[in-house]
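For reference, the structure is listed below as C-alpha cells.
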Amino acid sequence: MNDIAAAVQLSDLAGLDAQDQQDPSGQSGHNEVTVRGSRRFELLEKSIRRLTGRAIADFDMIKDGDVIMACMSGGADSYTMLDTLRYLQTVAPVKFEIIAVNLDQKQPGFPEHVLPQYFERIGIPYRIVEEDTYSIVKDKIAPGKTTCSLCSRLRRGILYRVAKEMGVTKIALGHHRDDILHTFMLNMFYGGKIKTMPPKLIADDGENVVIRPLAYVREADIKKYAAAMEFPIIPCNLCGSQPNLQRQAMREMLNEWEKHHPLWIKSMFTAMANITPSHMLDRSLFDFAQFKPGQGKEASGDTLFDRDDKLDQSQSVINLL
Ligand code: SF4
C-alpha cells in the first residue's frame, strides 16, 4: 500500500462496517436519491475515496512532486475525479499539484462559462483550450455516422500536446469501472482481443503518462455522487453524435447482469487482474513449446471447473470492489 492509500484508509475507513462497504450507495434501494450530508452520502463519498486511493496505490499512479492535469469534460465522471483528487491532496503525505484542463471543442451550444465559473468557485488552477474539432469531425464524417472515434482521437492529440506544453507529469481521465468493463467486452466480442482501458498507461505519443484514478469506481456511484454534489453537469450530447451501438449494447448487457447477477460483474472485473497465461491460448505470453513435466504445478490448474460441486463465487472470487 502506498502513502495515498494508507492516508485514505486511515481517514475514511473509520466507522465503516462490512455492510457499509458492500453497499455504499444503497444499490439495494435502487432509485433512492442520495442526499448530501446524509449517512448514505457519507458512505458513498468514503467508498469513492477509498476505491480511488486504492487504485492509485495499486497502479502507483501518483508520486511526490507530480503535476496532474485533470481532464474536465463537464460530465459527472470528470467532476467526481477532480473532487476526489482534491480531497486526496489534503490527506496524502505525498505532495502533488492539480491543474484542471477543459478542451472546448466548439460544439454548438457548449456553455463555455460553466467550467471556468466552477474552477474559480472551488479555487483550482485551470486552463481552457479552444480548438474547433467539431467542424473537422462534421466535415469528415458522413451525416448519421458515429463521430466519437475521430472526435476522441483529435481530442487526445490536443490534450497530449497541451500536457507537454504545460509540463505536467500525468494526465488524469475520468474513466470508471464500467468504462473498463464495456471496453473489455467490446474488444472481446468485436475485436478478437482480451484488452481494455488500463488504469495507467504510456500514451500513444510515447511521452505522456495517462492515469484513470476512478478505475475501481462504479458508474452508478459516480452518478449518485455527482447528483448529490450538484455539480454543474454539461450534457454530453451537444455534438448530436449517434450513440455507438456496440458500446450501447455492452452497456445494456452489463446493466442487466449487474441487476440480476452482480457477482458476475465483480468476478469479471477481478478476472482482469488475475490472468493465468498458461491457461489461455496466447503463445506469445506462454511458451507452450518448451515446458516439460516436473517444472512445477500450476496452482490454479484445471481443477476449479472440474469440481462437481456448484461454485460459490463469494468464496472463489477475490472481490476487488
Ligand atoms: S459524443 Fe460528441 S463530443 Fe463526445 S466523443 Fe462523441 S462526437 Fe465527441
message = If PRO213 satisfies all but one of (1) at pLDDT below 90; (2) closer than 28 Å to LYS170 by Cα; (3) not in a helix (DSSP H, G or I), what's the number of the condition it fails?
response = (1)
message = Just the residues that are surrounded by fewer than 21 Cβ atoms within 10 Å (Cβ to Cβ), out of contact with any helix residue (DSSP H, G or I) (no Cβ under 8 Å at 6 or more places or on another chain) and not in a helix (DSSP H, G or I), please, taken from the stretch 177-210.
response = GLY191, GLY192, PRO198, LYS200, LEU201, ILE202, GLY206, VAL209
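Considering only the stretch 245-272, how many residues are part of a loop (DSSP other than H, G, I, E, B) and either more than 12 Å from ILE180 (Cα to Cα) or free of Cβ contacts under 8 Å to residues at least 40 places away in the same chain (or both)?
Taking the stretch 245-272 first, the residues part of a loop (DSSP other than H, G, I, E, B) are 261, 272.
Next cut, either more than 12 Å from ILE180 (Cα to Cα) or free of Cβ contacts under 8 Å to residues at least 40 places away in the same chain (or both) only: 261.
Residues in the stretch 245-272 being part of a loop (DSSP other than H, G, I, E, B) and either more than 12 Å from ILE180 (Cα to Cα) or free of Cβ contacts under 8 Å to residues at least 40 places away in the same chain (or both): 1 in total.
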query = From the residues in the stretch 221-251 that are within 23 Å of ILE56 (Cα to Cα) and touching a His at 6+ places or on another chain (Cβ under 9 Å), which one is farthest from the ligand (Cβ to nearest atom)?
reply = ASP221
Cβ pairs under 8 Å, 6+ apart, first in the stretch 142-162 and free of Cβ contacts under 8 Å to residues at least 60 places away in the same chain and within 20 Å of ALA100 (Cβ to Cβ), second more than 8 Å from the ligand (Cβ to nearest atom) and of a type in the set (Gly, Ala, Ser) = ARG156/ALA203; TYR160/ALA203
inquiry  = Six or more apart or on different chains, Cβ atoms under 9 Å: show the pairs whose first residue is in the stretch 179-201 and within 16 Å of VAL217 (Cα to Cα) and whose second is at pLDDT 95 or above and in a strand (DSSP E or B).
reply    = PRO198/VAL210; PRO199/ILE211; LYS200/LYS170; LYS200/VAL209; LYS200/VAL210; LYS200/ILE211
inquiry  = Quick check on the stretch 87-117: of everything there that is within 18 Å of TYR160 (Cα to Cα) and touching a Cys at 6+ places or on another chain (Cβ under 9 Å), which residue is farthest from the ligand (Cβ to nearest atom)?
reply    = ALA100
ask   = Of all residues in the stretch 137-157, which are more than 10 Å from the ligand (Cβ to nearest atom), surrounded by fewer than 17 Cβ atoms within 10 Å (Cβ to Cβ) and under 21 Å from the mean Cα position of the chain (by Cα)?
value = GLY157
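The values are calculated or read from the model by the stated rules, or taken from the named source; none is laboratory data. Quantities reported herein were computed from a predicted structural model and do not represent experimental measurements. No Cβ is skipped: glycine too gets one built from the backbone with ideal geometry, and neighbour counts run over all protein chains shown.
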